[in-house]
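S.K.: I have a structure here, written as structure tokens, and I will follow up with some questions on it.
The values are calculated or read from the model by the stated rules, or taken from the named source; none is laboratory data. Note that this is a predicted model, so its numbers are computed, not measured. All Cβ positions, even for glycine, are placed from backbone atoms using ideal geometry, and neighbour counts span all protein chains on display.
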């Protein structure tokens, strides 16, 4: 299946949604890092829209600026050029308003706090009362399937369980947007596939938009409404591919012909040439 058959190219920045329905809007965003050897352009001319409730994955070669773009959305760094809005406000204001939650490849749990204590941390920092914190933690540990582990410490958990705690923590304040930078990158394949299914379920149940950085084409296709393909540095968007596999995200999806077609299309877009298939030699 060709890239063209799947949908719009990079000229289509996003879904046709009203401005107030956008979780993220980037227009002409660029980022240049000064170094002793000279300026390094990490991103150039990035145009992207992510609708509220939409799951969008960013994929591209190492060093293409995926994580840099994520950091700009999270207000962990500032763009050199262009404009960036999160729910119609500046990234800084969105951070102040706690509009998004963040999860990275390393779970980043505090070893001296229990599962419940780690999940409750954002609520404590923002002055949520003890009773309300306890209720929210109980809700979240049930959501991620860790009710029986709420009093355990991080070193008593598997890597996959620690990542589930990190995801629960990112959901603590009911954010409208989740920013996830390769959260499953360090996990074994079986755990990774399980957590992909859990994340798809959690995103659907919470209604949050998700911007998800990954190096895995199958992961991007399995999880996403759209896959954004980025070029080698300086990073720019070269293609945006709708996935259109419906709401069902389970193991059966990975065996469907439509899923394999989408994986092939993303691979072709990423490499810039059609992928040779055995029956086409």
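S.K.: If you check residue 141 against the conditions, is it under 30 Å from residue 60 (Cα atoms), modelled with pLDDT of 90 or more and touching a helix residue (DSSP H, G or I) at 6+ places or on another chain (Cβ under 7 Å)?
M.R.: Here the answer is no, as residue 141 does not meet what is asked.
S.K.: If you don't mind, another one. Can you tell me which of 51, 26, 42 is within 14 Å of the chain's Cα centre (by Cα) and surrounded by 14 or more Cβ atoms within 10 Å (Cβ to Cβ)? Talk me through it step by step, then tell me what you get.
M.R.: On the way: 26 fails: within 14 Å of the chain's Cα centre (by Cα); 42 fails: within 14 Å of the chain's Cα centre (by Cα).
Sole residue among the options that is within 14 Å of the chain's Cα centre (by Cα) and surrounded by 14 or more Cβ atoms within 10 Å (Cβ to Cβ): 51.
S.K.: Can you give me the number of residues within segment 87-96 that are surrounded by 14 or more Cβ atoms within 10 Å (Cβ to Cβ) and in a loop (DSSP other than H, G, I, E, B)?
M.R.: 1
S.K.: In addition: Search segment 100-115 for residues being touching a residue at least 40 places away in the same chain (Cβ under 8 Å) and within 17 Å of residue 145 (Cβ to Cβ), and hand back the single one that is surrounded by the most Cβ atoms within 10 Å (Cβ to Cβ).
M.R.: Out of the qualifying residues, it is 115.
S.K.: Is it the case that some residue within segment 152-163 is surrounded by 23 or more Cβ atoms within 10 Å (Cβ to Cβ) and closer than 29 Å to residue 49 by Cα? Outline the logic, then answer.
M.R.: Taking segment 152-163 first, the residues surrounded by 23 or more Cβ atoms within 10 Å (Cβ to Cβ) are 163.
From the residues that got through so far, the ones that are closer than 29 Å to residue 49 by Cα too are 163.
Within segment 152-163, one or more residues are surrounded by 23 or more Cβ atoms within 10 Å (Cβ to Cβ) and closer than 29 Å to residue 49 by Cα.
S.K.: Here is a list of conditions, (1) under 15 Å from residue 236 (Cβ atoms); (2) assigned to a loop (DSSP other than H, G, I, E, B); (3) modelled with pLDDT of 90 or more, and residue 32 meets all of them except one; can you say which number that is?
M.R.: (2)
S.K.: Any residue in segment 223-231 that is over 30 Å from residue 114 (Cα atoms), under 16 Å from the mean Cα position of the chain (by Cα) and not in a strand (DSSP E or B)?
M.R.: Looking through segment 223-231, at least one residue is over 30 Å from residue 114 (Cα atoms), under 16 Å from the mean Cα position of the chain (by Cα) and not in a strand (DSSP E or B).
S.K.: Just one of 268, 219 is under 24 Å from residue 104 (Cα atoms), out of contact with any strand residue (DSSP E or B) (no Cβ under 7 Å at 6 or more places or on another chain), touching a residue at least 60 places away in the same chain (Cβ under 8 Å) and surrounded by 14 or more Cβ atoms within 10 Å (Cβ to Cβ); which is it?
M.R.: 219
S.K.: Identify all residues within segment 171-202 that are crowded, with 19+ Cβ neighbours inside 10 Å, in contact with a strand residue (DSSP E or B) (Cβ under 8 Å, 6 or more places away or on another chain) and assigned to a loop (DSSP other than H, G, I, E, B); write none if there are none.
M.R.: 171, 172, 175, 176, 182, 183
S.K.: Search segment 61-86 for residues being at positive phi and touching a strand residue (DSSP E or B) at 6+ places or on another chain (Cβ under 6 Å), and hand back the single one that is surrounded by the fewest Cβ atoms within 10 Å (Cβ to Cβ).
M.R.: Across segment 61-86, the extreme among qualifying residues is 82.
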